[in-house]
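The values are calculated or read from the model by the stated rules, or taken from the named source; none is laboratory data. Keep in mind it's a predicted model, so treat the numbers as computed, not measured. Neighbour counts are summed over all protein chains in view; Cβ atoms, including those assigned to glycine, are modelled from backbone coordinates with ideal geometry. With ligands, DNA and RNA removed, areas are computed over all heavy atoms of the protein, side chains included. Shrake-Rupley method; radii C 1.70, N 1.55, O 1.52, S 1.80 Å.
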Amino acid sequence: METGTADFVVIANRLPVDRVLSPTGKTMWRTSPGGLVTALEPVMVRNGGAWIGWHGAADEDVEPFEHNGMHLVPVPLSEDEVAEYYEGFSNSTLWPLYHDVVAPPEFHREWWDSYVRVNRRFAEKAAAVAQQDAVVWVQDYQLQLVPSMLRELRPDLRIGFFLHIPFPPTELFQQLPWRRQILEGLLGADLVGFQMPGAAQNFVRLVRQRVGHKTHRDTIYLPDGRVVMAKAYPISIDAAGFEELARTPDVIARAAEIRESLGNPKTILLGIDRLDYTKGLRQRLRAFGELIADGSLHVDDAVFVQVATPSRERVQQYKLLRDDINRLVGRINGDVARIGQQPVTYLHASYPRAEMAALYRAADVMVVTPLRDGMNLVAKEYVACRYDDRGALVLSEFAGAASELKSAYQVNPHDINGMKSMMLAAINAGPRENGRRMKAMRKQVMENDIELWANNFLEELTSDRELHEKNPRPV
Ligand code: F6P
């Protein structure tokens with residue numbers, strides 16, 4: 001097959017840009033706020049890199065284009081494919097299955113067929129743009145078949161895969177009717193990265209049990225002599241970028257303004273999440289509501305600000321959640337609010353990074369209590385913004401971040417009483433105690449940023465082995 005010109009190729013469900021309208025009505029692309037593109041953009045620019053992904057609209061062909069020195073290759077999806085591959089198999093089968101079945105996964109054969117078809121389209125695009133011996137990095141659960149499909153088309157490539165969400169325990173994964181195909185899809189990669197060591201171990205065990213390959217620790221031996229590594233690479237954020245933003249006079253002024261408009265309460269608690277049933281919003285709001293109702297917190301003293309960013313709004317479970325949270329917030333406020341003093345401020349909206357940084361700066365207690373989460377970057381963003389060593393983090397032990405942020409007030413989000421006492425502990429601890437905890441967490445976050453994460457992964461992917469010489473690592 002003919003090769004392309006890109007030395008380094010990223011494949012992700014979405015392109016790293018959002019379409020915006022200029023004041024003159026012209027369509028323009030703006031880099032999305034995510035950390036992944038922040039880390040990979042310099043690598044892409046230095047290596048003539050290409051990014052392959054969906055541009056976010058159905059039934060529309062967009063020509064490849066250049067953006068900030070990156071070659072972007074849009075992958076079209078039809079209306080049916082959005083419903084079956086994206087909302088269906090990716091977000092109503094894999095997403096709940098991989099998150100401990102906190103919502104019931106649905107298994108539909110048409111959704112699987114669509115997933116296979118779309119994965120093949122991504123693989124074909126990558127095969128066409130990658131140069132001989134290029135390095136290709138496939139991202140996340142929407143594209144688990146791409147590594148093997150791409151290897152078949154282009155055996156010369158060095159292929160990495162990273163899963164941003166949890167990889168489930170073997171008992172849950174085995175529910176998937178297409179479990180073997182997914183495992184074999186991932187085995188097309190040379191390196192399969194996970195957030196946590198336990199996830200890598202789950203994968204290796206499943207490969208041994210279900211596919212029958214020999215394994216030793218993090219290494220899988222394929223019958224054709226190829227070797228696949230499975231390892232943990234806990235993802236992070238652009239920590240210095242967040243701190244810098246939090247230090248700007250505009251953000252500091254905005255944080256003060258937020259505090260003022262909430263009535264200058266003693267304590268501001270904050271949650272920022274995508275509106276997703278994995279995030280534990282119900283349990284968290286109930287815990288806070290009970291603290292007010294039982295008199296542990298006074299309505300004049302404490303305010304909970306919950307930002308819930310709209311997400312996957314056509315998927316049934318997300319619609320149900322949205323209604324549930326609306327009702328719950330209404331009930332809490334209805335039961336315990338006083339005129340001019342509302343305990344929960346609920347914002348169903350997305351905000352720019354600067355507004356998030358101002359919220360982080362204003363919050364005395366950040367509450368991050370997912371029922372299951374691959375990592376949770378909000379927890380790390382909060383820590384990065386607290387250069388003053390103030391504030392406290394209440395963190396679910398079921399978020400990947402918990403294994404790094406050991407000085408957080410860790411909670412089991414299913415245990416409402418436990419959460420209530422941890423929230424109170426965080427609120428009532430003095431600045432010395434919270435300062436000590438925050439310092440320790442800041443050291444971890446500032447020293448392990450997204451750039452280091454990307455470098456570690458790419459170093460392992462391109463190190464070694466017999467391909468090393470002809471395939472130097474992107475720098
Ligand atoms: O956490 C997984 C993830 O796919 C992220 O990569 C992404 O930013 C987020 O969920 C939002 O997902 P979607 O692309 O479905 O809006």
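Gln142 fulfils the conditions (1) away from the ligand (no atom under 15 Å from the Cβ); (2) assigned to a helix (DSSP H, G or I); (3) open to solvent by 10 Å² or more (accessible area, probe 1.4 Å) except for a single criterion, (1). Confirm whether Ala302 is open to solvent by less than 10 Å² (accessible area, probe 1.4 Å) and modelled with pLDDT of 95 or more. Against the criterion (open to solvent by less than 10 Å² (accessible area, probe 1.4 Å) and modelled with pLDDT of 95 or more), Ala302 qualifies.
Go through the range 222-261 and give me each residue that's in contact with a Phe, Trp or Tyr (Cβ under 9 Å, 6 or more places away or on another chain), within 26 Å of Lys439 (Cβ to Cβ) and of a type in the set (Lys, Arg). The one that is in contact with a Phe, Trp or Tyr (Cβ under 9 Å, 6 or more places away or on another chain), within 26 Å of Lys439 (Cβ to Cβ) and of a type in the set (Lys, Arg): Arg247. Any residue that is at pLDDT 95 or above, surrounded by fewer than 23 Cβ atoms within 10 Å (Cβ to Cβ), within 16 Å of the ligand (Cβ to nearest atom) and within 17 Å of Leu40 (Cβ to Cβ) - is there at least one of those in the range 165-188? No: the range 165-188 contains no residue that is at pLDDT 95 or above, surrounded by fewer than 23 Cβ atoms within 10 Å (Cβ to Cβ), within 16 Å of the ligand (Cβ to nearest atom) and within 17 Å of Leu40 (Cβ to Cβ). Which of the residues belonging to the range 313-329 are open to solvent by 40 Å² or more (accessible area, probe 1.4 Å) and either within 16 Å of the ligand (Cβ to nearest atom) or not basic (Lys, Arg) (or both)? The answer is Glu313, Arg314, Gln316, Gln317, Lys319, Leu320, Arg322, Asp323, Asp324, Asn326. Please work out if Asp7 is open to solvent by 40 Å² or more (accessible area, probe 1.4 Å), in a strand (DSSP E or B) and within 13 Å of the ligand (Cβ to nearest atom). No: the conditions fail for Asp7.
Does Glu81 satisfy the criteria of being away from the ligand (no atom under 13 Å from the Cβ), under 21 Å from Leu143 (Cβ atoms) and part of a loop (DSSP other than H, G, I, E, B)? Judged against the criteria, Glu81 is not a match. In summary, Arg254 fulfils each of the numbered conditions (1) open to solvent by less than 60 Å² (accessible area, probe 1.4 Å); (2) under 21 Å from Leu359 (Cβ atoms); (3) within 32 Å of the chain's Cα centre (by Cα) with the single exception of condition (1).
Among the residues of the range 325-335, is any out of contact with any Ser or Thr (no Cβ under 8 Å at 6 or more places or on another chain) and assigned to a loop (DSSP other than H, G, I, E, B)? There is no residue in the range 325-335 that is out of contact with any Ser or Thr (no Cβ under 8 Å at 6 or more places or on another chain) and assigned to a loop (DSSP other than H, G, I, E, B).
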